[in-house]
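The values are calculated or read from the model by the stated rules, or taken from the named source; none is laboratory data. It should be emphasised that the depicted structure is a prediction, and the values quoted were computed from it without experimental measurement. We place every Cβ from the backbone using ideal geometry, glycine too, and count neighbours over all the protein chains shown. Note: accessible area is taken over every heavy atom of the protein model, side chains too, but ligands, DNA and RNA are not part of it. Shrake-Rupley method; radii C 1.70, N 1.55, O 1.52, S 1.80 Å.
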Amino acid sequence: MSTSSTSVMWFRRDLRLRDNPALLAALDEGPAAALFVVDPAVWDGAGAARRAWLAANVLSLAERIPLAIHHGDPREVVPRLADGRRVHVSAETTPYGRRRDDAVGGRVELVPTGSPYAVGPGLVRNGSGGPYQVFSAYARAWRERGWPEPAAAPRSPDLVPADSDPKAVRLLEQAVADAPLDLPGAGEDAAWRRWRAFRDDGLRHYKTERNRPDHDGTSRLSPYLHLGVLHPRSLLAEMDTRSTYANEIAWREFYADVLWHHPASAWADLKPALRGMRYDDPVDAIEAWKSGTTGYPIVDAGMRQMMQVGWMHNRLRMITASFLTKDLHVWWGVGARHFLDLLIDGDVASNNHGWQWVAGTGTDASPYFRVFNPVTQGLKFDPQGDYVRRWVPELAHLPGKAAHEPWKSDVGYEHGYPPRIVDHAAERAEALERYQAARV
């Protein structure tokens with residue numbers, strides 16, 4: 001990297017120029033060098049779709065600014081390239097990110113400003129000074145605390161030219177070329193176009209449309225929020241913060257807060273009550289779940305949507321998670337890892353605590369009795385079967401709600417759709433029996 005800069009701006013989960021306080025802090029010191037490091041610990045653990053999405057957004061940022069792209073362990077790469085200069089960052093909040101930053105900060109002056117959240121994890125506290133355990137109470141306090149206005153965008157950022165490692169650039173370019181699916185438009189401008197289209201046409205209907213996977217009623221902004229291509233504070237500034245959509249942003253911040261206070265909960269049960277739960281490891285059934293061939297149309301539609309586009313409607317995330325944990329009796333971490341492999345918005349805090357919410361080991365006070373019925377869920381939220389027919393072509397010949405129950409049709413299986421791998425009623429009873437035994 002060029003050493004003509006005053007400081008270094010190290011981009012991570014903040015791949016944007018607008019509303020980026022860390023970038024402004026770097027520029028306040030004078031000319032800055034912009035850096036992105038492809039971290040093998042993150043890169044190698046991600047699936048092809050997640051790598052491609054990250055790569056596409058890094059390369060999009062590199063088209064707008066002179067971004068030095070390097071590959072290697074940031075604990076070695078950042079101090080070497082900083083060469084004694086201050087390094088500005090958005091504060092990281094995940095367990096791995098915090099450990100990495102502590103290590104880097106031991107070798108360079110690391111200056112954190114802002115975070116990927118409207119309210120940084122750990123800042124919303126209850127009256128006793130502790131963290132909130134329940135979402136509704138957290139959300140009230142989160143709104144009462146509030147957040148800063150969006151940071152100004154630098155009109156002409158004074159970023160000095162810097163050399164990239166050609167191998168690192170080729171690694172990103174190859175990841176995009178090898179993407180296993182069609183990626184959404186990458187970069188800040190594409191993210192803002194998506195937000196404005198949703199803000200103008202979808203936001204007012206979100207409360208009623210958000211649970212309908214057969215409709216385009218969600219914002220589809222989670223992949224951009226995950227990488228900080230958009231900041232949630234920017235969105236909150238353009239909406240009614242009492243709205244249902246603002247509540248969904250609060251859920252994202254709540255889960256980040258839970259992980260901040262309980263870093264072990266990334267891959268261990270948050271609540272101890274069900275740590276004695278008995279789980280199964282049905283290899284063939286797990287593979288049927290992953291491949292969308294369980295014989296339950298709404299479950300299979302959701303899993304196939306994720307495989308084909310790297311994203312899944314949130315209602316389907318709950319339905320498919322419930323099926324794995326409560327119909328197949330599989331530990332939630334198996335599903336969480338699979339989701340993180342495939343989802344381009346895969347976020348450890350939201351993903352893993354969402355799984356725990358469904359599994360009954362997380363933040364919900366009394367979740368052990370909640371078992372989603374895949375048939376009634378499908379009939380309620382995809383009443384005409386359009387979502388199922390879109391993702392499960394073997395059922396495209398079944399009209400209306402018949403797509404949810406092919407076993408009731410004389411021609412339901414004539415195009416090769418598989419029979420049900422389990423009986424939901426029997427497995428529901430089994431799940432409740434196991435939950436009760438674990439709670440004793």
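More than 30 Å from D39 (Cα to Cα), open to solvent by 10 Å² or more (accessible area, probe 1.4 Å) and of a type in the set (K, R): does that describe R196?
Working: more than 30 Å from D39 (Cα to Cα): yes; open to solvent by 10 Å² or more (accessible area, probe 1.4 Å): yes; of a type in the set (K, R): yes.
It is true that R196 is more than 30 Å from D39 (Cα to Cα), open to solvent by 10 Å² or more (accessible area, probe 1.4 Å) and of a type in the set (K, R).
Going through the stretch 219-238 one residue at a time, which ones are open to solvent by 20 Å² or more (accessible area, probe 1.4 Å) and of a type outside the set (A, V, I, L, M, F, W, C)? It would help to see each step written out before you state the result.
We begin by selecting, within the stretch 219-238, every residue open to solvent by 20 Å² or more (accessible area, probe 1.4 Å); these are 220, 222, 226, 237-238.
Listed by number, the residues that qualify are R220, S222, H226, E238.
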Query raised in the report: What do you reckon, is A396 at pLDDT 95 or above, under 23 Å from P213 (Cα atoms), open to solvent by 20 Å² or more (accessible area, probe 1.4 Å) and among the small types (G, A, S)?
Result: yes
Query - Residue that is surrounded by the most Cβ atoms within 10 Å (Cβ to Cβ) [pool: residues in the stretch 295-330 that are in contact (Cβ under 8 Å) with a residue 60 or more places away in the chain and not in a helix (DSSP H, G or I)] - result: Y296
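May I ask you to say which residue of A175, A237 is modelled with pLDDT of 95 or more, small (G, A, S) and under 29 Å from H71 (Cβ atoms)? I'd like the intermediate steps shown before the answer.
Working: A237 fails: under 29 Å from H71 (Cβ atoms).
Going through A175, A237 in turn, just one is modelled with pLDDT of 95 or more, small (G, A, S) and under 29 Å from H71 (Cβ atoms): A175.
Just the residues that are open to solvent by 30 Å² or more (accessible area, probe 1.4 Å) and either under 11 Å from V111 (Cβ atoms) or assigned to a helix (DSSP H, G or I) (or both), please, taken from the stretch 22-31. Write out each step before concluding.
Here is the first cut: in the stretch 22-31, the ones open to solvent by 30 Å² or more (accessible area, probe 1.4 Å) are 24, 27-29, 31.
Result: L24, L27, D28, E29.
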Query - Filter result (of a type outside the set (A, V, I, L, M), more than 21 Å from the chain's Cα centre (by Cα) and assigned to a loop (DSSP other than H, G, I, E, B)) within the stretch 32-70 - result: P66
**Report entry** Looking only at the stretch 101-116, and only at residues there that are in contact with a helix residue (DSSP H, G or I) (Cβ under 6 Å, 6 or more places away or on another chain) and either part of a helix (DSSP H, G or I) or on the phi > 0 side of the Ramachandran plot (or both), the one that is least open to solvent (accessible area, probe 1.4 Å)
**Finding:** V104
Query - Qualifying helices (runs of 4 or more DSSP H) (wholly inside the stretch 172-287; at least 1 residues being aliphatic (A, V, I, L, M)) - result: 188-201, 222-226, 232-236, 244-261
Report summary line: Given the conditions (1) surrounded by fewer than 17 Cβ atoms within 10 Å (Cβ to Cβ); (2) modelled with pLDDT of 95 or more, every one holds for R275 apart from (2)
Query raised in the report: If you go through the stretch 1-21 one residue at a time, how many are closer than 29 Å to W311 by Cβ and not in a helix (DSSP H, G or I)?
Result: 11
Report summary line: Looking across the stretch 144-189 at residues that are more than 24 Å from the chain's Cα centre (by Cα) and without any contact (Cβ under 8 Å) to a residue 24 or more places away in the chain, the single one that is least open to solvent (accessible area, probe 1.4 Å) is P166
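Mind listing whichever residues of the stretch 136-152 are part of a helix (DSSP H, G or I) and either at pLDDT below 95 or of a type in the set (S, T, N, Q) (or both)? If you could, list the steps in order and put the result at the bottom.
The first filter runs over the stretch 136-152 and keeps only residues part of a helix (DSSP H, G or I), leaving 136-145.
Selection gives S136 alone.
Taking the condition in a helix (DSSP H, G or I) and buried (at least 17 other Cβ atoms within 10 Å of the Cβ), does T363 pass?
It is false that T363 is in a helix (DSSP H, G or I) and buried (at least 17 other Cβ atoms within 10 Å of the Cβ).
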**Report entry** Leading residue by the ranking (most open to solvent (accessible area, probe 1.4 Å)) among those in the stretch 411-427 that are outside any loop (DSSP other than H, G, I, E, B) and either out of contact with any Asp or Glu (no Cβ under 7 Å at 6 or more places or on another chain) or under 20 Å from P399 (Cα atoms) (or both)
**Finding:** A425
